[in-house]
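Contents: one structure, followed by commentary.
The values are calculated or read from the model by the stated rules, or taken from the named source; none is laboratory data. The shown structure was predicted, so the numbers you read here are calculated from the model rather than taken from an experiment. Neighbour counts run over all protein chains shown; Cβ positions are idealised from the backbone, glycine included.
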Amino acid sequence: MRIIAALLLALAAPLFAQERKVDPTWLYRNVATLPPHSLDLTTNSCHYTPIFGEGDAQSAVLHSITRFGELTVDPQGSCQSVTYPRTEELYFVLDGSGTLHYAEQSHPLTQNDFTYLPPTVPHTVSNSSSQPLRLVIASVRIPADVSLSHPTTLEVANLSELHEQTVEGHPDSVLYKLLIGPTTPPRDRINSTYAVADFFLMDFAPGGTNFPHHHEFAEEIYLVLDGQGQMAAGSGTDGIEGLRPAKSADAYYFRPNCTVGFYNQNTPNAKAHILALRALIPIPKNRD
């Protein structure tokens, strides 16, 4: 019996190894190949394409981020109004123009605008123009033990308002525009979030990199807006073992403690821009 058990264990070992590989530390999507999905905010003229989270087959992999995708509002179209009791949202306008309806307020939207939508406030988007309106939308769950403050006044900002800057711990071959983050420290253009650690844009010089790194208690998403290079995802402490080609419309999700980083191609005038979201995950009470 012991011999049989040992043989069974030996045969099962490769299966267990394969099973471990099924549990990814990172996910990859190309936005251009993804189908739309109906959500609470979609209508016949408002379409949502899930990249990660709700509507995606591997939505259970994510921790705090519940939704990250692309919203398209047709000309003369509008979305359903939604309200979330313990979810904060971020909007970034890729192209087009429209109107953000927030409680009793309305605010125009144009390309490269971004905004923060706190919990408990009804909101929606409409488009009275002759061209489609495209936005990146991200939703992040607020932990139950976090107290909510009174919703802040709506702020809509634009990338053109921000100066590029370096960030401590990263080389100066990548410059940052810090869009949205928490109230403390108040370093972002909009400082209002609960679980969102940062929503930012990276501008890579030719051959530039932010160096592969890890976040122990945060998950992260990179969306390549333009350019191409190599994404470090999941393997090796320096990411070298896990380099993968990355181009415009590619998106990567990184679990906590997963290697994350990007190397821009090293050719003259090769620029690359990545829109990134980092969200905190609940810290285990018993880390042992």
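Remarks
- Considering (1) more than 27 Å from Ser128 (Cβ to Cβ); (2) in contact (Cβ under 8 Å) with a residue 24 or more places away in the chain; (3) surrounded by fewer than 17 Cβ atoms within 10 Å (Cβ to Cβ); (4) not polar (S, T, N, Q), the lone condition that Ile65 does not fulfil carries the number (3).
- Selected residue (only one of Gln111, Gln131 is within 24 Å of Ile274 (Cβ to Cβ) and assigned to a loop (DSSP other than H, G, I, E, B)): Gln111
- Among the residues making up the stretch 195-217, those that are surrounded by fewer than 21 Cβ atoms within 10 Å (Cβ to Cβ) and assigned to a loop (DSSP other than H, G, I, E, B) are Ala205, Pro206, Gly207, Phe211, His214, His215, Glu216, Phe217.
- Filter pass, Val174 being among the β-branched types (Val, Ile, Thr), within 30 Å of Pro85 (Cβ to Cβ) and at pLDDT 95 or above: no
- Scanning the stretch 164-176 for residues that are in contact with a Leu (Cβ under 9 Å, 6 or more places away or on another chain) and either assigned to a loop (DSSP other than H, G, I, E, B) or among the β-branched types (Val, Ile, Thr) (or both) gives Glu164, Thr166, Val167.
- Residue count for the stretch 38-94 under the criterion of being outside any strand (DSSP E or B) and not basic (Lys, Arg): the result is 27.
Table: residues versus (1) of a type in the set (A, V, I, L, M, F, W, C); (2) without any contact (Cβ under 8 Å) to a residue 24 or more places away in the chain; (3) touching a His at 6+ places or on another chain (Cβ under 8 Å).
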| residue | (1), (2), (3) |
| --- | --- |
| Ser38 | no, yes, no |
| Gly53 | no, no, no |
| Pro75 | no, no, no |
| Phe92 | yes, no, no |
| Leu109 | yes, no, no |
| Phe114 | yes, no, no |
| Val121 | yes, no, no |
| Ser129 | no, no, no |
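- Residues of the stretch 242-280 that are in a strand (DSSP E or B) and without any contact (Cβ under 8 Å) to a residue 40 or more places away in the chain: Leu243, Pro245, Ala246, Lys247.
- Test: residue in the stretch 144-161 that is surrounded by fewer than 17 Cβ atoms within 10 Å (Cβ to Cβ) and assigned to a strand (DSSP E or B): yes
- The condition (being within 23 Å of Ala246 (Cβ to Cβ), of a type in the set (Ser, Thr, Tyr) and touching a helix residue (DSSP H, G or I) at 6+ places or on another chain (Cβ under 9 Å)) is satisfied by just one residue among Thr66, Thr49: Thr49.
- Filter result for His123 (farther than 25 Å from Asn44 by Cα and either out of contact with any Gly (no Cβ under 6 Å at 6 or more places or on another chain) or modelled with pLDDT under 95 (or both)): no
- Residue list for the stretch 129-154, filter: among the polar types (S, T, N, Q) and either modelled with pLDDT of 95 or more or touching a Phe, Trp or Tyr at 6+ places or on another chain (Cβ under 7 Å) (or both): Ser129, Ser130, Gln131, Ser139
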